[in-house]
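Please read the structure below before turning to the comments.
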Amino acid sequence: KKKQTTLGEFFPTE
Amino acid sequence: MLEGKFEEASLLKKIVEAMKDCVSSCNFNCTENGISVQAVDNSRVLLISLLIEKDTFEEYRCDRNITLGVGLGSLSKIIGNGANSDYLTISADDDADKLNIIFEDKVKDKISEYNLKLLDIDADLLDVGPMDTDATITLPSADFAKICKDMKVLSESLQIIVTKDSALFQSVGDIGTGNIVIRPKTDIDHPEESVTISLDKPIDLSFGSKYLSDIIKATSLSQKVTIKLTDQSPGVFEYKLPSGYLRFYLAPKFDE
């Protein structure tokens, strides 16, 4: 089973 | 004052169709250089980055930077009323609360005009910046769409494994497994059929099939799609516009 990551884990909020 | 005239309504139709199932509304940021959008889906897994450069338009002017908050479902309904081959002009005054949309039939003497109410959208932006890329695959967009659809019948995840001379798309599910391998190919007579793979580092990444299904709605925008992959990072899926792009950033799935 794989866990879905979110973009916030990779990119900072501007 | 913003005014942009598309040679054919079909281009904006395709752009909106490619975006509207992923994000319901977004800000169109208009500057003298063109129109850009950044929008993230509700689950914050898929990001859309659109750039329609000034040169895409038959005519374009934007005197002052303006932000237009647009409901994509509503915009889709209105632009669906125009014929694909119509001229399509969008315009808005500074501080406008509506977007003016005009279709001009190229043969008949017929002009259709609509107004779309604008929305006030408060969205935080992600700083995607320039990313390092370990592997880049360019292939016919229709082939990529077929791979995503075919693999989705097996699993809710699609694994992409890139090595020096091939890209492997793999799905492992309850009913069975599937593998599709593509290799670089140069087709001189049909360059749009060519496949290129460039690699700095082997890649093994998994993505959610349902998000890939959203991405491939952009297939009609470009004959090719470029996939940029980096270890442990979101994948970038880019469809080129005549001048600009529609790009998707998709967060990967990791083993638990």
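The values are calculated or read from the model by the stated rules, or taken from the named source; none is laboratory data. On a predicted model such as this, the values are computed, not experimentally measured, just so you know. Virtual Cβ from ideal backbone geometry, glycine too; neighbours counted across all protein chains shown.
Does B:ASP143 qualify as being out of contact with any His (no Cβ under 6 Å at 6 or more places or on another chain), farther than 26 Å from B:LEU126 by Cα and more than 14 Å from chain A (Cβ to nearest Cβ)? Give the derivation first.
On the way: out of contact with any His (no Cβ under 6 Å at 6 or more places or on another chain): yes; farther than 26 Å from B:LEU126 by Cα: yes; more than 14 Å from chain A (Cβ to nearest Cβ): yes.
It is true that B:ASP143 is out of contact with any His (no Cβ under 6 Å at 6 or more places or on another chain), farther than 26 Å from B:LEU126 by Cα and more than 14 Å from chain A (Cβ to nearest Cβ).
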Between a first residue in segment B:111-135 that is assigned to a loop (DSSP other than H, G, I, E, B) and a second residue that is among the acidic types (Asp, Glu), which pairs have beta carbons less than 8 Å apart while being 6 or more apart in sequence or on different chains? B:LEU118/B:ASP97; B:ASP124/A:GLU14; B:LEU125/A:GLU14; B:ASP127/A:GLU14; B:THR133/B:ASP200; B:ASP134/B:ASP200; B:ASP134/B:ASP231
Search result, residues across segment B:200-226 that are in contact (Cβ under 8 Å) with a residue 60 or more places away in the chain, within 20 Å of B:PRO252 (Cα to Cα) and in contact with a Ser or Thr (Cβ under 7 Å, 6 or more places away or on another chain): B:PRO202, B:GLY208, B:SER209, B:VAL225, B:THR226
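Go through segment B:70-87 and give me each residue that's under 20 Å from B:ASN33 (Cβ atoms) and in contact with an Asp or Glu (Cβ under 8 Å, 6 or more places away or on another chain). So that I can check it myself, show each step before the final result.
Looking only at segment B:70-87, we keep the residues that are under 20 Å from B:ASN33 (Cβ atoms), and these are B:70.
Those that are under 20 Å from B:ASN33 (Cβ atoms) and in contact with an Asp or Glu (Cβ under 8 Å, 6 or more places away or on another chain): none in segment B:70-87.
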For B:ASP189, work out the one condition from (1) loosely packed, with under 13 Cβ neighbours inside 10 Å; (2) among the charged types (D, E, K, R); (3) under 21 Å from the mean Cα position of the chain (by Cα); (4) over 30 Å from B:ILE66 (Cα atoms) it doesn't fulfil. (3)
Residue that is farthest from B:LYS217 (Cα to Cα) [pool: residues in segment B:136-150 that are in contact (Cβ under 8 Å) with a residue 40 or more places away in the chain and touching a strand residue (DSSP E or B) at 6+ places or on another chain (Cβ under 7 Å)]: B:THR136
Looking at this structure, is B:GLU238 surrounded by 13 or more Cβ atoms within 10 Å (Cβ to Cβ), at pLDDT below 95, more than 20 Å from A:THR6 (Cβ to Cβ) and away from every other protein chain (no Cβ under 14 Å)? no
When both residues are 6+ apart or on different chains and their Cβ atoms are under 6 Å apart, which pairs have a first residue that lies in segment B:6-20 and is farther than 13 Å from B:ILE102 by Cα, and a second that is crowded, with 19+ Cβ neighbours inside 10 Å and among the small types (Gly, Ala, Ser)? B:ALA18/B:ALA218
Which listed residue, of B:SER85, B:SER112, B:SER141, is buried (at least 17 other Cβ atoms within 10 Å of the Cβ) and among the polar types (S, T, N, Q): B:SER141
